[in-house]
Amino acid sequence: MRGVNYLLNRNKMTDTPKNEAQDAAEKPDYKDTVFLPKTAFPMKAGLANKEPAILERWENIGLYEKLRENRKGAEKFILHDGPPYANGNIHIGHALNKTLKDLVVRSQSLLGKDAPYVPGWDCHGLPIEWKIEEQYRKKKRNKDEVPPSEFRAECREYADKWVDVQREEFKRLGVMGEWDRPYLTMDYHAEATIVSELLKFAESGQLYRGAKPVMWSPVEKTALAEAEVEYEDITSTQIDVAFEITAAPNAPELQKLIDAGEKIHAVIWTTTPWTIPVNQALAYGADIEYVLCDVRKKVDINWIDDASTEITTVGSDTFDAPVRKALVALSEIDGIPWQLVKALDERSSFSIHYNDRSPIIKGSELAGAMAKHPMADRLSVPLPDGERLGEGVKPSDEHPHPTLSLKGDGLKDVSFFTKPRPFLDGSSFVTTEAGTGLVHMSPDHGEDDFDLCKANGINPVFAVDGDGVYREDWAWLPRGDERAGSVINKKFTAKDGPICSDLRDAGALLSASDDFQHSYPHSWRSKAKIIYRCTPQWFVPMDKLSKTKEPQEVTDTVRPEPVEGQSAPHASTSSAGTDDVQNEANELTLRQKAVKAIADTRFVPEKGRNRISSMVEGRPDWVLSRQRAWGVPIALFLDRKTGDYLNDPVVNARIIEAFKTGGADAWFNADHQEFLGDDYNLDDYDIVTDILDVWFDSGCTHVFTLESDIWPSQSWKADLYLEGSDQHRGWFQSSLLESCGTRGEAPYKAVLTHGFTMDKNGKKMSKSLGNTIDPKKIINVNGADILRLWAASVDYTEDHRIGDEILKGVTDTYRKLRNTFRYMLGGLSDFEESERVAPSDMPELERYILHRLAIVDAQLKEHINNFAFGPYMRTLSSFAQDDLSAFFFDIRKDCLYCDAPSDPKRQAYRSAMDILFHALTRYIAPVLVFTAEEIWQSRYPDENDSIHLKVWPEVDAAWQDDALNDKWALIREARVAVTEAIEPLRRDKIIRSSLEAEVQYPLQDLPISSEEFTELCIVADLTDGALSVTKTEHHKCGRCWRLLPEVSEDGDLCGRCEDVIHG
RNA sequence: GGGCCGGUAGCUCAGUUGGUUAGAGCGCACCCCUGAUAAGGGUGAGGUCGCAAGUUCAAAUCUUGCUCGGCCCA
């Protein structure tokens, strides 16, 4: 009946209900006598609006500087910022990275350390240059007509603009740091340091000039760093080309046929037809078996000969006649023989025939064999005007350094094409997985090619100009030829393009089709295809011995010999007369130093160590040079006679001085004779105008920031570098190599890497997919604290996701936390020092909670030191939720609301709550930077103060009480059993509030009194017995709402409340 | 194509050297409270641990293959 009445009355909202509850309402209303929580702290956060004001106040009071002052003399923690590129608005990846950095800095600072943060930007480089050029194009201005200094000034201005934009975006995230004085790689002092570091490499012999195939973009006309290249699937032209074998001294079977006048060809397969005009050799695998097949024109009955009837046909046409013999790898693939031959037959416009009697040649037999370039005969027939033959040597603008031999044999005439192509042993890279098992070699355009040819004395010929067109003096398809084109031009290399057509005319093209799909490198900026191209570049050798510590002095007689192409096996720098024994002991290669430095570094997570190790172990020499304008020049003078760079510390010192006052422009605009002084004559030297790889710039940030006088707060080496996992190849490595080269050790003690942020489905974000999430939007809708809480919640060591649902979850977590603080603020209103109770005098419940706090405190500290922010927030959140909100606060609600303010129990509770408040506000401060401040200011309003100046709360070791914990673990377990037992009655509407429940529970198992347990379970009465629950017969106190035997009628006061109200 | 890393409830994450019925918080559903109230408390439903084999008395955990995703490389 009761339940029914209740429901009926509920439905008639406007009526004056007549039931027991309402009867009670006619009794005096005691609400005003209850000590309800009082606070102005709003439940609703409104972060998006509040945060900017809080930021402004921090700026006004100089919070960052205050903190520095505050932590003066404390142990330092230096997180050295990895510079983002000053181009474009920040994206979610920046937001995660900078937030994690801020979490580290603030949490270390909270632990009492002096943790300054100097943010930085990477300002030089191609992308900015490109932007400026783009602006020129729009204005129809020709870049080449703009004075370099003006161009560079515009780049500088552009970078400055984006530094300002990003700075504001980072600040809005709540990232605290020295924003008024960030480091920029384009600052003059930075540029001076970069060049001085470069000269350290030069002075210690760790620099050489060589030619090597580098990734080259014909569109941007520059060498690209690996980081500037991306791979994309494209369709290329694949061709099979026949090279006539002219001699095979170690393959008697072949030699016999050759001597008999047979035409025997080596067949090569390539997807870069444009490298054929630069071919210089052929490579075989020594252990690969090759079969000599017959190649026949299809449907050419006139060529039939007797032998043909006995030959097994792979192709469909048995009427073909042999016109050639072709050598192709004989190999099994997946247990099926002849696969490569069959594949060749399929794509070829000829048919390929073989049988059991076809000669088998072992790869090693090809040693010493020679072939002819397919165009050799054709090009040696002069054209009427002679143009295609080339006309003598013209020094190329591309290769202004005469000391490096850039002269290929093809310069003068067609002899480049007519000279024999040797067969070389390419076992290390030649496979039979695709192609023909024979590989054509062009040292200009492939790393394997370059290395193998170099080892056999064949040098690159630099046939392809920077824009991708064959040189003007090249014999085949040179610049100026009406059919000439860029090698990345699809039409130029197509099956009907000039290369294939000429090869076809020469009878050397077995197949050509524009249908080979593969992934191919592209410039990340222009998206255009790139090529491997040999150019003179500056390198840092990875495997050249040098001292672990710099020589004290370098005399001007020391001239490291630049080694072309390869690193020298021994250092050439040791000054005469120094102790060679000690020298040798100290000598390590850069690679060895780096490997050792990695072993000495802490990696978080540990798996990062493998990753960078394997990269450092396998990487090639570091290409330092770029043929661009916006960057720090490789400030060297080249001796015109010897090709060596001038290595005079006195000259170098002058250069560095000039950079300090004039930046990199000091090099481009200088009177170079002044640098050289009286000792050298500028006429004897070429001035290097290449600029440095931007990764060298960023590799130097540790020098010009940590060691600089500009930031007295900084010191070498950094405690931590913190970046995305892509930086194993980027900044972590460039910094490591730079530092190992100049200092012999890493610039960091620890490296922390994080994964990438994916969309809600775990897919990579991209503009084209339209699944990007703008951090600014999150900040403007939810607030930066929500974004920060998200960053602190996910497992950043792996890839992680963000999306609406995830953000909603984060917001919910935030709200719970916020409310817990709001409750504490309300409960602590008017809390006075005079009512403080010492923890040792508190009831067990309070002491148990303080024990939990001590445990949590220790866990949180450990999480911070492991940079484990996810576990940190989860520990914190569940403490607030489970231990406090659902347990401690719920139980003590009655005490807080209804006990007299003078009651020691209530005072003890409030004292415990005060301790919790101080601890928790500090705990959340590194993550919820704005909310923590709002909470703090709500209780302790002080314009000049901030929660962020505080240090980690002091937790008394005595609070930890494991015996108490064990006891209360039992009690809490019993409490759960009781609440579970109440639930069915509640569901059946027998009771509503747990306060109406009368419970029997086997108390003999519990170390607690019946009265205490009653209070803990928030029930009417709890007595010993088998577990059972009934509705109590007691009546409800009008003030505290407890149902007690002493209350004779609902709405009357219980004894406790009587005392509180009437004394 | 190669190397490395990862895939556990709707979401974020725990799951020690293989060992009971795979856990937590949030969300969700339902209930209570209406004196933390766009809050608070309780109960409950959710998982073939990416898939498939194998090793073992026993596999989320070890092995292999596959698949999906990511980073790096080619």
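Only the coordinates and a few stated rules stand behind these numbers; no lab work does. Remember, it's a predicted structure, so these values are computed and weren't measured experimentally. Don't worry about glycine lacking a Cβ; one is built from the backbone with ideal geometry, like all the others, and counts go over all protein chains shown.
Things to note:
- Placed amide H near A:T589: partners under 5 Å, 5+ positions off or other chain: A:S546
- Label zone (A:Q881, point 7 Å along Cα-to-C-beta; backbone nitrogen cut-off 16 Å) within the range A:754-790: A:789-790.
- Ranked A:K454, A:K27, criterion: other C-beta atoms within 10 Å, fewest first: A:K27, A:K454
- Three-way shape label, the range A:921-999, alpha-carbon gyration tensor, a/c 1.5: oblate
- Amide H contacts of A:L752 (H built 1.01 Å from N, under 5 Å, at least 5 apart or other chain): A:V604, A:Y721, A:L722, A:E723
- Tensor-based shape of the range A:684-729 (alpha-carbon gyration tensor, a/c under 1.5 rounded, otherwise prolate or oblate): oblate
- Among the trypsin sites (Lys or Arg not before Pro) found in the range A:78-172, those both in a DSSP coil and sparsely packed, with 13 or fewer other Cβ atoms within 10 Å of their Cβ, are A:K139, A:K140, A:R141.
- Segment A:E56..A:D962, full-extension length gain: 321.6 nm, with 0.36 nm per residue of separation and the alpha-carbon distance subtracted.
- Here's how it looks for A:E1046: its modeled amide H is under 5 Å from none belonging to a residue 5 or more places away or on a different chain.
- Label point distance in nm, A:S993-A:H1062, each placed 7 Å from Cα along Cα→Cβ: 2.2
- Rounded to the nearest whole Hz, the Karplus-based 3J(HN,Hα) values (6.51 cos²θ - 1.76 cosθ + 1.60, θ = phi - 60°) of the range A:277-282 follow the sequence x, 10, 5, 10, 6, 10, with x at glycine and proline.
- Between A:S829 and A:K263, the contour length at 0.36 nm per residue exceeds the Cα-Cα span by 193.6 nm.
- Inter-site label distance for A:E862 and A:S614 at 7 Å from Cα along Cβ, in nm: 3.1
- Cα shape, the range A:620-736, gyration tensor, a/c 1.5 rule: prolate
- For the range A:587-598, 3J(HN,Hα) computed residue by residue from phi via the Karplus equation (6.51, -1.76, 1.60; θ = phi - 60°) reads 7, 9, 7, 4, 4, 5, 4, 5, 4, 5, 4, 5 Hz, glycine and proline entered as x.
- With 0.36 nm allotted per residue and the present C-alpha distance subtracted, the A:S519-A:D684 stretch has 54.7 nm of extension available.
- Residues in the range A:1013-1056 reached by a label modelled at A:E844 [backbone nitrogen below 11 Å; 7 Å Cα→Cβ]: A:1013
- Sequence of A:D122, A:D709 once ranked by neighbouring C-beta atoms within 10 Å, starting from the fewest: A:D709, A:D122
- Sequentially through the range A:873-884, phi angles give Karplus couplings (6.51, -1.76, 1.60; θ = phi - 60°) of 5, 5, 4, 5, 5, 6, 4, 5, 7, 7, 6, 8 Hz, Gly and Pro residues having no value and appearing as x.
- If R0 equals 25 Å, the separation of the Cβ atoms of A:R141 and A:D774 corresponds to a calculated FRET efficiency of about 0.15.
- What the Cβ-Cβ distance of A:D481 and A:Q673 gives, at R0 = 35 Å and to the nearest 0.05, is a FRET efficiency of 0.25.
- Relative contact order (%) - criterion: Cα under 8 Å, at least six apart; region: the range A:630-732: 30
- Distance between modelled label sites at A:E983 and A:E65, nm, 7 Å Cα→Cβ extension: 5.9
- Ranked A:E1012, A:E983, A:E723, criterion: other C-beta atoms within 10 Å, fewest first: A:E983, A:E1012, A:E723
- Filter on A:K38/A:K967; A:K200/A:K544; A:K607/A:K777; A:K50/A:K808; A:K101/A:K200 - keep pairs with C-alpha separation over 23 Å: A:K38/A:K967; A:K607/A:K777; A:K101/A:K200
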